[in-house]
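Asker: Submitted below is the structure of interest, expressed as structure tokens.
The values are calculated or read from the model by the stated rules, or taken from the named source; none is laboratory data. From a predicted model like this one, the values you see are computed outputs, not experimental measurements. With ideal geometry, Cβ positions are generated from the backbone for all residues, glycine too; neighbour counts draw on all protein chains shown.
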Amino acid sequence: MAFDKLELNDIEVWDGNHAAAQALRQAQVDVVSAYPITPSTAVVEGYAKFKSDNLVEGEVVIVESEHAAMSGCIGAAAAGGRVATATASQGLALMAETLYQASGMRLPIVLNLVNRALAAPLNVNCDHSDMYMVRDSGWIQFDAFNTQEAYDLNLIAFKVGEDHDVRLPVIVNQDGFLTSHTAQGIHPLSDDEAFNFVGEYKPMNDMLDFEHPVSHGIQTEEDWHFEHKARQHADTMNIVPAKIDAAFAEFEKLSGRKYNHIEKYDMDDAEVAVVCMGTSVETAREVAKEMREKGVKAGVIGIRVFRPFPFADMSDALKDLKAVAALDRSAPGGAAGALFNEIAGSLINTDTKVMLSGYIYGLGGRDLTKKHLVDLYTELQANADAGKLLTSQQQFIGVRGPKLAFL
């Protein structure tokens, strides 16, 4: 699409990567430091095209590795710039060391994480192994279910992360290929609306403010390390949910699109439900409606804010259910699925009697079909009717060969 300025709220046909790149353009990012990797390449490529077409004034810095990409982001953010990048899978794994630097230094970088399986075996398709790998790195994490949300959540990420009470980096997750390369009709904001929502960047404690010198990346050891990390969690992460609520509310007034920490569908009278993320949410919603026509009171819960995890919202959403399934799109590596564990944590010390089971699905891009979900809802209803789990607490769905289960 060729344009000087996006003026109208007319529908555009964009894929998830292009939608993210457009959001970075509208936010007027100062620096994109990146090492492109499938399936996130087009986010950086798109922003670089805007740069070559003189549609942005920001700089694009292509470096020698993903570790260097985030290091470049850290330097640019510490110097006082609005900064963003994109990566996936193995790139995120190489970048992981620097993620802790960014959050510990309170640098509000926005990272588009286009979710892809981790090797070995090598795989370029979607699962959530990379998202899960860095869930406790001190970054806020949003999850997009479709292209529209990949666009919206990027703008919201800048709004939340750059708040001076927060000053934390933010990851915006979208499913590799399933969202990143799928063109859909979306309704973008105008350039002026988008930038006014995000606002002028106001750096804090930047290295180039010579009148107020600061240190970054200092060494603390046992004297102060504990206090730094405790305050990062208690003083900062604990206020993030309210900041997210405020940004969601402001964005709804501007766009008409409402977001919540968890998204609930057909949950008012639900007796059984699945909890999932990414594009699986929309598939589950379609199947839940079909199951209701068969007499099964099925519901769906989608995780919008993965970090900080919405424990209270989750426990409230589950309190009247009889059976719920956590769908984890990541190999658990000898433990229960991460989402299963988060949900179990939200239910502990409550009076909720819902039966919780976990399912590993969709690894390496394997499709989650409607048939899989019909069978899953049928299994949940059978558990609800029996008043007990009739199957293993954790199992795989959609894998070829004999049925696999563990725990």
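Asker: Take the stretch 345-398 and flag every residue that is in contact (Cβ under 8 Å) with a residue 24 or more places away in the chain, among the β-branched types (V, I, T) and out of contact with any helix residue (DSSP H, G or I) (no Cβ under 7 Å at 6 or more places or on another chain).
Answerer: Residues satisfying the conditions are I360, T369, T378.
Yes or no, residue by residue, for (1) without any contact (Cβ under 8 Å) to a residue 24 or more places away in the chain; (2) under 13 Å from C73 (Cβ atoms); (3) of a type outside the set (A, V, I, L, M, F, W, C):
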position	(1), (2), (3)
S103	no, yes, yes
L118	no, no, no
H128	no, no, yes
W139	no, yes, no
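Asker: Can you find a residue that is part of a helix (DSSP H, G or I) and crowded, with 16+ Cβ neighbours inside 10 Å anywhere in the stretch 210-231?
Answerer: no
Asker: Going through the stretch 244-261 one residue at a time, which ones are farther than 17 Å from F311 by Cβ, of a type outside the set (D, E) and in a helix (DSSP H, G or I)?
Answerer: As a first pass, look at the stretch 244-261 and keep what is farther than 17 Å from F311 by Cβ: 246-259.
Then keep just the ones that are of a type outside the set (D, E); that gives 246-249, 251, 253-259.
Correct list: A246, A247, F248, A249, F251, K253, L254, S255.
Asker: Taking interchain pairs and intrachain pairs at least six residues apart, which have beta carbon atoms under 7 angstrom, with the first residue in the stretch 227-248 and within 15 Å of H164 (Cα to Cα) and the second surrounded by fewer than 17 Cβ atoms within 10 Å (Cβ to Cβ) and modelled with pLDDT of 95 or more?
Answerer: That search, which allows pairs on different chains as well, returns I239/D165; K243/D165.
Asker: Let me ask you something else. On the basis of being touching an Asp or Glu at 6+ places or on another chain (Cβ under 9 Å) and under 12 Å from V275 (Cβ atoms), does A298 make the cut? Explain how you work it out, then say what you get.
Answerer: Numbers: touching an Asp or Glu at 6+ places or on another chain (Cβ under 9 Å): yes; under 12 Å from V275 (Cβ atoms): no.
No: the conditions fail for A298.
Asker: Checking the conditions here, which among D143, D127 is crowded, with 24+ Cβ neighbours inside 10 Å and more than 24 Å from A194 (Cα to Cα)? Spell out the reasoning first.
Answerer: Numbers: D143 fails: more than 24 Å from A194 (Cα to Cα).
Step by step, each of D143, D127 is checked, and only D127 is crowded, with 24+ Cβ neighbours inside 10 Å and more than 24 Å from A194 (Cα to Cα).
Asker: Restricted to the stretch 84-117, and to residues that are under 26 Å from H18 (Cβ atoms) and surrounded by fewer than 21 Cβ atoms within 10 Å (Cβ to Cβ), which residue is farthest from the chain's Cα centre (by Cα)?
Answerer: This residue is L94.
Asker: Does A338 fit the bill of being aliphatic (A, V, I, L, M), in contact (Cβ under 8 Å) with a residue 60 or more places away in the chain and crowded, with 19+ Cβ neighbours inside 10 Å?
Answerer: Working: aliphatic (A, V, I, L, M): yes; in contact (Cβ under 8 Å) with a residue 60 or more places away in the chain: yes; crowded, with 19+ Cβ neighbours inside 10 Å: yes.
Considered against the rule, which asks whether it is aliphatic (A, V, I, L, M), in contact (Cβ under 8 Å) with a residue 60 or more places away in the chain and crowded, with 19+ Cβ neighbours inside 10 Å, A338 comes out as yes.
Asker: A further question follows. State which residue is surrounded by the most Cβ atoms within 10 Å (Cβ to Cβ) when the search covers only the stretch 50-61 and only residues that are in contact with a helix residue (DSSP H, G or I) (Cβ under 8 Å, 6 or more places away or on another chain) and of a type outside the set (G, A, S). Please lay out each step first, then the result.
Answerer: Start the filter on the stretch 50-61 by keeping residues that are in contact with a helix residue (DSSP H, G or I) (Cβ under 8 Å, 6 or more places away or on another chain), which leaves 50, 55-56, 58-61.
Cutting the leftovers down to of a type outside the set (G, A, S) gives us 50, 55-56, 59-61.
Values: F50: 19, L55: 17, V56: 21, E59: 15, V60: 18, V61: 17.
It comes out as V56.
Asker: In the stretch 287-306, is there at least one residue being in contact with a helix residue (DSSP H, G or I) (Cβ under 9 Å, 6 or more places away or on another chain), closer than 23 Å to Q174 by Cβ and among the acidic types (D, E)?
Answerer: Looking for residues that are in contact with a helix residue (DSSP H, G or I) (Cβ under 9 Å, 6 or more places away or on another chain), closer than 23 Å to Q174 by Cβ and among the acidic types (D, E), one finds none in the stretch 287-306, hence no.
Asker: Modelled with pLDDT of 95 or more and out of contact with any Leu (no Cβ under 9 Å at 6 or more places or on another chain): does that describe G176? I'd like the intermediate steps shown before the answer.
Answerer: Numbers: modelled with pLDDT of 95 or more: yes; out of contact with any Leu (no Cβ under 9 Å at 6 or more places or on another chain): yes.
Considered against the rule, which asks whether it is modelled with pLDDT of 95 or more and out of contact with any Leu (no Cβ under 9 Å at 6 or more places or on another chain), G176 comes out as yes.
Asker: Hey, could you check the stretch 40-56 for residues that are of a type outside the set (A, V, I, L, M, F, W, C) and assigned to a loop (DSSP other than H, G, I, E, B) and say which is nearest to T85 (Cα to Cα)?
Answerer: Initial filter on the stretch 40-56 (of a type outside the set (A, V, I, L, M, F, W, C)): 40-41, 45-47, 49, 51-54.
The next check asks that each one be assigned to a loop (DSSP other than H, G, I, E, B); those that pass are 40, 53-54.
Values: S40: 10, D53: 19, N54: 19 Å.
Top of the filtered list is S40.
Asker: Follow-up. Just give me the residues in the stretch 347-382 being among the hydrophobic types (A, V, I, L, M, F, W, C), over 23 Å from the mean Cα position of the chain (by Cα) and in a loop (DSSP other than H, G, I, E, B), in sequence order.
Answerer: I348, V354
Asker: I'd like the full set of residues that are surrounded by fewer than 24 Cβ atoms within 10 Å (Cβ to Cβ) and of a type outside the set (S, T, Y), limited to the stretch 130-140.
Answerer: Looking only at the stretch 130-140, we keep the residues that are surrounded by fewer than 24 Cβ atoms within 10 Å (Cβ to Cβ), and these are 132-139.
Scanning the stretch 130-140 gives M133, V134, R135, D136, G138, W139.
Asker: Return yes when L363 is crowded, with 19+ Cβ neighbours inside 10 Å and closer than 27 Å to A119 by Cα and no when it is not. I'd like the intermediate steps shown before the answer.
Answerer: Values: crowded, with 19+ Cβ neighbours inside 10 Å: yes; closer than 27 Å to A119 by Cα: yes.
Spelling it out, L363 is indeed crowded, with 19+ Cβ neighbours inside 10 Å and closer than 27 Å to A119 by Cα.
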